[in-house]
Amino acid sequence: MSAPTSAPSAAAGCDSLAPDAGPKPLGPTPSQSRFQVDIVAEAAGATGDKSPSSDASTTAPSSDAAAAAPAGGSGACGGEEAKGRFRVVNFADPSEAGSAASPEAPGDGLQNGDTVMSETSLHSSTGGPHHYHYDTHTHTYYMRTFGHNTIDAVPNIDFYRQTAAPLGEKLIRPTLSELHDELDKEPFEDGFANGDELTPPEEAAAKEAADNKGVVKFGWVKGVLVRCMLNIWGVMLFIRMSWIVGQAGIALACLIVAMATVVTTITGLSTSAIATNGFVRGGGAYYLISRSLGPEFGGSIGLIFAFANAVAVAMYVVGFAETVAELLAGVDANMTDELNDIRIIGTITVILLLGISLAGMEWEAKAQIFLLIVLITAIINYFIGSFIPSASKKPLGYFGYDGAIMWENMGPDFREETFFSVFAIFFPAATGILAGANISGDLSDPQLAIPRGTMLAILITGIVYLGVAVSTGSCIVRDATGNLNDTVSSQFMMNCTDAACKLGYDFSSCKSDKTPCRYGLQNDFQVMSMVSGFGPVITAGIFSATLSSALASLVSAPKVFQALCKDNIYPGLGIFAKGYGKNNEPLRGYILTFVIALAFILIAELNIIAPIISNFFLASYALINFSVFHASLANSPGWRPSFKYYNMWVSLVGAILCCVVMFVINWWAALMTNVIVLGLFIYVSYKKPDVNWGSSTQALTYHQALTHTLHLSGVEDHIKNFRPQCLVMTGYPNSRPALLDLVHSFTKNVGLMMCGHIRTGYRRPNFKELATDQARYQRWLLKNETKAFYTPVFAEDMRQGAQYLLQAAGLGRLKPNTLVLGFKNDWRDGDMMNVETYISMIHDSFDFQFGAVILRLKEGLDVSHIQGPDDLLSSQEKSSGMKDVIVSIDTSKDSDADSSKPSSKATSIQNSPAMQKDEDEDGKATTQPLLKKDKKSPSVPLNVSDQRLLEASQQFLKKQGKGTVDVWWLFDDGGLTLLIPYLLTNKKRWKDCKIRVFIGGKINRIDHDRRAMATLLSKFRIDFSDINVLGDINTKPKKEHVSAFEEMIEPYRLKEDDMEQEAAERLKDSEPWRITDNELELYRAKTNRQIRLNELLKEHSSTANLIVMSLPLARKGAVSSALYMAWLEVLSKELPPILLVRGNHQSVLTFYS
C-alpha cells in the first residue's frame, strides 16, 4: 500500500512551503486570532479507519462531504488542504483541549477526510451535548449531523453569538464557499458576516467579560424591583404627599399620581420593549437609546443622564442632611450654623455611601435590601397609626377616618399654588423607574428582569402613593392649631360648617392671616410622622428613602458613564472606561461621581438644580419612548421584541407627554435641557463616531429611501428637473482622481454619480472579492467625501462590462443618463482591438440613449501604477487582511486584465498604500491615501512624467481662481454641452471662472449669430462673459498639420487598393478597426475640420481653465474606430483640460417656467 508511505512525504512537501515549517502539535492549539482555523485534508487513502475508538469507521462518506482525492494523498497540500474547514472560536479551554481531545495514534492506513479517529463530547452553553469528532490526521473537529459526519451544520445558538464573552462559546458555521465551491477551487477567506463585526470597545468588553470568573449577577427582584421601588419612594412620600393632598384635594391628588404613573408606565412599557429586543449589556438608559436611535441620540442623552444621576446623589444626600440637621436643632445640638451642618453631614454621608459602592455591588445590594425593609416598615407603621385613635392628636388635626373629613378634603384648596405647580413638585417622586435598567450589565437576565421588575415597581409604588393620598385626606384636616383648648361648645356646634367643628374642635382662630395655622395637611410636613404608630420609624423611613435613592444614583451614574466611555463617542473620556475586579467596577467613574456630588453638596443650593435634574430624566424618558415609536415606524425586520405589550402610537404619546411635563415643571430648565441635548447631538453628528449598531435611524433611512425611490418611479421626467446622472468609468475610484473630482464637481448635490469598474480576465471570477471591494471602495468614497456609488462588474471584455453597466446600473429614476470616459491616451501603443472596444463603448452609450462625455488631460488620468489600489480598510479588514498576507502563498495563475489590479491577493495588500501607516499623536495607526500624504512618498523616486501626472491628477481639487471655462458649442445636442459648465461655475471652486461661448457661423452673419446666441443664453438664464462667433472653421488647416495627421494614421490604413479584394475583405474582417481608402476620402472634409478646430482651440483657448466642446459624432458602421480615435486625438491634443460632450439630443434646458 502506497498511501501510508506517501503521506509523510506529501506533508513534508507542504510544510516546506509554509513560512514557518516547525514541528506541529498533534492536538489543536489555541489560536491567537479571534477564531481558530483548522484545515481538513480532502485526500483519502484506499483503506478504512482501523482505530478501535472510532464509531464511524465503517460509515461511508456522506454525499455532501468533499469527495476523496486520488489515492496516495499527494494532493493533500496547496489549495486542496483548505477544503472543508470547520472553524471554531473559543471552542474549548486550551488547557482542556489537550486532555479532552487528545488524539490517538493513527492506524496503519489513512482515513477518509470525513471519518474520524476519536470522539469527544463537548457541552455548549445551551446545556445539551454536541458530539464533535476529532480527526487526528488533520487536527479537525467535525460535527455529527443526522448520524453522518459532515461539515454542514445544523441550527445552533452558538452560531449567532457576537462574542464568546457573556453567554458561551462562539462558533462560526461553515461558509457557503466551503460547502459550495468546486473541489479544485480554493475556498475564499471568510470574515464575519455583516452585522457580526464588533467594534473595538465591544471586543474589549467581551475579552474582559470572558476573563472574569464568579461575576455577581442579580435577579429581577434584587436587581430591578428593589432598586426601582427604593428610587420611586423618595422623601416625597413622607414629607410632601400630605401637603399635596391639602393643596389639591383627594381627587386632584389622585389625578396627579395617576398622570405621573401614566407617563412612567408608558416609559416602562417602552423600556421593556427595547430591553427584550436582543441581548442587553451594561449602560442602562444610554445603552437602550444608543442601540435603538444611534450614537447621536445615545451619546447626547448618555452624558446628561450620567451627570443627572451624579447631581441626584447630592440632592438626595442634602435631603438626608437637612432632616438630620432639623433633628439636631430640635435637641439644640447644632455643630455650627444650619447651612454648614448640612455640608458637614452631607460630606460624611457621601463618603460612607462611596465606601459601600466601592466595596462591590454585592454589598451595595445588601444595603439596598436593608433600606427597603426599613422603608416598608415605615409605610406600614403609618397605615397602622392611621387606624389608632388618639385624643392627644386631635388638636394637631388627626381625627381618624371620617366621611366628613374625606368629603371636605375631596376638592382643591390651592394657596399660592396651581394644579401644575403642585404636579411639578410631585413628579420627581415618580422618577427612578430606570434604576434597575441602569445596572443592566449586572443583571443575570436583563430581558426578563427589566420588564418584570420595572412594571411591578411602578404598580406597587403607584398603589402606595394613591393609598397614602386617600388615607391622609380621609383622617387629617387641612388646618389645625395644635391647642387642646380649641374645643367647641354644644351651642356653637349647631352653626358648624367644617369637619373639625363637627368633631368638636374649632380651628378658625388660626385661619386668619395674622396667626397662621402650624398643623394640618396644609401646614405641617411631618403629619405622617405624627399619625404613625411610632414616630421615629417614619424618620428612619425618611433616612432610608434618601439614602437608598442616593446609593442607587451613585451606582447608576458610573455604570452609565463607563458604558458611554467604552463606546468612545467622546474621545477625551476614554480613561473612565476601564473597569476593575471581577465585576468590572468603574472605580474611576465612582470617584468622578463622588467629586461632582460633593461639589453640589458644598453648594447646598439645590432648588435651582432639582428641576434641571428632573428635566434630564424626562428627556431620557422621552427618547426611550421615541425609540420604540421610531423602531416600529422603520418596520425593520430586526425589531421584534419578545415583550408584546407596547404600541408605537402610545409610545409617541408618552414621548410627547414627557416633553409637556418638562415645560410644566420648569420652562427654563426644559429649554436649557433641550439646548444641551441639541448641542451634544450636533457635536456627535459632526464627529461621526465609527460605530454601527444597526439603529432604527438606519432602518428608517432605508425605508424612506425605498419609499421615495418608488414614488419617484411613478413620476414622468420633466426638462426642468433634468440632472446629469453620470456613469463614470473610473476603474478603482482612486485610480483616476482627476476624472472623479471633475465629475463630482458638477454632480455633487445635483445629480447621481456612479463609479463603474469593469473587472476582466481569463481567471474564474471571484465574486466574493468583488463584493468585498464594493464595500471597501464605497467606504473610500465616503471617507473622501465624494458623493458617489462604486459599482464593479465582472465581464469577459470591457465592452460587455460597459453594456452590463449601461443596462443595469441604477435604480428606478436614479439611473445614469450620461457615460463619462477618460480619453485613451495610449491608444497607439497597445492592441488596436482595445481601441475598437473603446469606440464601441461610445457607440453603445448612444444606442442606449445616453449622453457621452470624454475628459482628456495631456498628462493622462490613470495614476494606479504610482499608488496601487488604495484599500481603505476597517479595523476588522485590517487584521484579517494582514493574516491573508501571512497565510496565503498565492501562486496566482492569471492576473486580472484591469490595469489597476495587482496580480495576487498578497501583493494587493502588501503594495496597498492603506498598509502604509502614519502615526497619530496618540500612537494609533491611521490609514491615508497615498495622494494625500507628503511625508511618505513612494520608496522609488518618481520620474518627471509621473510627477506631472500626480500634480495634474489633483488640479480639480484646488480653487480655480479667476479664469475662463470655454464652451465650444458647435452642435446642438439638447444643451448638455452648456449645462455642465453652468453647473461647474456654480460650485465654490469654480465660481470665479467666467463662461466664454464659442459658436460656428458665417463671416457675413457674425453679429446676427452673436445676438441670437446672446438671446438664447439670456432666456436660459445662464451668465456668460463673452460670445465668439468663428467664421473660419471651414478654412483649410495648415499643410504640416494635415501631413502630421496622415503620418499618424498610416499604420492603421487598410490600403485595399494595393491588394486583392478578397484579401482586403479578410483583413478588414479580422482587423475591423482599419481605415479604408474609400472611407478616408469620403470623410476628408470632416477630418480637416477636426484639424482646423485644434488650431482654433490653441489660438483662442490655450489659457482656459477648462474647455468644454461638442464631441464629434461618427456614424456607426461607416467610420472605423481608428479614424474616429484619430479625430478625437487630433482635435484634443496639446490643450488645457478638455471635456468632449455630446448629449442624447433630448432637450435638457428650457426657458419656460
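Residue-wise test of (1) in contact (Cβ under 8 Å) with a residue 12 or more places away in the chain; (2) among the polar types (S, T, N, Q).
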residue	(1), (2)
386	yes, yes
418	no, yes
430	yes, no
445	yes, no
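Table: residues versus (1) closer than 30 Å to residue 984 by Cβ; (2) open to solvent by 20 Å² or more (accessible area, probe 1.4 Å); (3) touching a His at 6+ places or on another chain (Cβ under 9 Å); (4) part of a helix (DSSP H, G or I).
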{"position": "1063", "(1), (2), (3), (4)": "no, yes, no, yes"}
{"position": "1103", "(1), (2), (3), (4)": "yes, yes, no, no"}
{"position": "1109", "(1), (2), (3), (4)": "yes, no, no, no"}
{"position": "1130", "(1), (2), (3), (4)": "yes, no, yes, yes"}
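Of all residues assigned to segment 576-593, none qualifies as being under 22 Å from residue 237 (Cα atoms), open to solvent by 30 Å² or more (accessible area, probe 1.4 Å) and not aromatic (Phe, Trp, Tyr). Looking across segment 371-399, the residues that are open to solvent by 40 Å² or more (accessible area, probe 1.4 Å) and at pLDDT 90 or above come down to 373, 376, 377, 380, 383, 384. All but one of (1) open to solvent by less than 40 Å² (accessible area, probe 1.4 Å); (2) closer than 19 Å to residue 1143 by Cβ; (3) not aromatic (Phe, Trp, Tyr) hold for residue 793; which doesn't? Every condition holds for residue 793 apart from (2). Determine whether segment 253-275 contains at least one residue that is more than 20 Å from residue 455 (Cα to Cα) and crowded, with 24+ Cβ neighbours inside 10 Å. Yes. Against the test of being among the hydrophobic types (A, V, I, L, M, F, W, C) and under 30 Å from residue 1145 (Cα atoms), the options 719, 676 yield a single qualifying residue, 719. Of the residues making up segment 336-358, those that are at pLDDT 80 or above and open to solvent by 30 Å² or more (accessible area, probe 1.4 Å) are 340, 343, 344, 347, 348, 351, 352, 355, 356, 358. Counting only residues that are in a loop (DSSP other than H, G, I, E, B) and of a type in the set (Phe, Trp, Tyr), which one in segment 530-573 is nearest to residue 518 (Cα to Cα)? Per the criteria, the residue is 534. Of the residues 999, 995, 1022, 1027, which is within 23 Å of residue 1148 (Cβ to Cβ) and touching a Pro at 6+ places or on another chain (Cβ under 8 Å)? From the options 999, 995, 1022, 1027, the qualifying one is 995.
Just to be sure, is residue 739 touching a residue at least 12 places away in the same chain (Cβ under 8 Å), open to solvent by 60 Å² or more (accessible area, probe 1.4 Å) and touching a strand residue (DSSP E or B) at 6+ places or on another chain (Cβ under 8 Å)? Step through it out loud before you land on a result.
Values: touching a residue at least 12 places away in the same chain (Cβ under 8 Å): yes; open to solvent by 60 Å² or more (accessible area, probe 1.4 Å): no; touching a strand residue (DSSP E or B) at 6+ places or on another chain (Cβ under 8 Å): yes.
It is false that residue 739 is touching a residue at least 12 places away in the same chain (Cβ under 8 Å), open to solvent by 60 Å² or more (accessible area, probe 1.4 Å) and touching a strand residue (DSSP E or B) at 6+ places or on another chain (Cβ under 8 Å).
Considering each residue of segment 1054-1072 in turn, none proves to be in contact with a helix residue (DSSP H, G or I) (Cβ under 7 Å, 6 or more places away or on another chain), closer than 20 Å to residue 1092 by Cβ and among the basic types (Lys, Arg).
Considering only helices (runs of 4 or more DSSP H) fully contained in segment 403-486, which possess at least 3 residues that are modelled with pLDDT of 85 or more and under 29 Å from residue 268 (Cα atoms)? Can you show your working first?
Working: elements: 403-408, 419-426, 446-475.
In segment 403-486, 419-426, 446-475 are the helices (runs of 4 or more DSSP H) which contain 3 or more residues that are modelled with pLDDT of 85 or more and under 29 Å from residue 268 (Cα atoms).
For first residues located in segment 553-576 and of a type in the set (Lys, Arg), partners that are open to solvent by 10 Å² or more (accessible area, probe 1.4 Å) and part of a helix (DSSP H, G or I) and lie 6+ apart or on another chain with Cβ distances below 7 Å form the pairs 559/441; 566/201; 566/205; 566/577.
Considering segment 288-334, and only residues there that are of a type in the set (Phe, Trp, Tyr) and in contact with a Leu (Cβ under 9 Å, 6 or more places away or on another chain), the residue that is nearest to residue 434 (Cα to Cα) turns out to be 305. Annotation: of all residues in segment 643-700 being among the small types (Gly, Ala, Ser) and open to solvent by 30 Å² or more (accessible area, probe 1.4 Å), the one that is nearest to residue 278 (Cα to Cα) is 694.
None of 310, 329 is of a type in the set (Gly, Ala, Ser), assigned to a helix (DSSP H, G or I) and either in contact (Cβ under 8 Å) with a residue 24 or more places away in the chain or open to solvent by 60 Å² or more (accessible area, probe 1.4 Å) (or both) except 310.
Any chance segment 743-751 includes a residue that's touching a helix residue (DSSP H, G or I) at 6+ places or on another chain (Cβ under 7 Å), in contact (Cβ under 8 Å) with a residue 40 or more places away in the chain and open to solvent by 20 Å² or more (accessible area, probe 1.4 Å)? Even if it seems obvious, please write down each step before you answer.
Step one: of segment 743-751, the residues touching a helix residue (DSSP H, G or I) at 6+ places or on another chain (Cβ under 7 Å) are 745-746, 750.
Those still in the list that are in contact (Cβ under 8 Å) with a residue 40 or more places away in the chain too: 745-746, 750.
Now drop any that are not open to solvent by 20 Å² or more (accessible area, probe 1.4 Å), which leaves 750.
There is at least one residue in segment 743-751 that is touching a helix residue (DSSP H, G or I) at 6+ places or on another chain (Cβ under 7 Å), in contact (Cβ under 8 Å) with a residue 40 or more places away in the chain and open to solvent by 20 Å² or more (accessible area, probe 1.4 Å).
The values are calculated or read from the model by the stated rules, or taken from the named source; none is laboratory data. Treat the numbers as computed from the prediction; the structure is a model and nothing was measured. Positions of Cβ are backbone-derived with ideal geometry, glycine not excepted, and every protein chain shown enters the neighbour counts. Note: areas computed on protein heavy atoms with side chains; ligands, DNA, RNA excluded. Shrake-Rupley method; radii C 1.70, N 1.55, O 1.52, S 1.80 Å.
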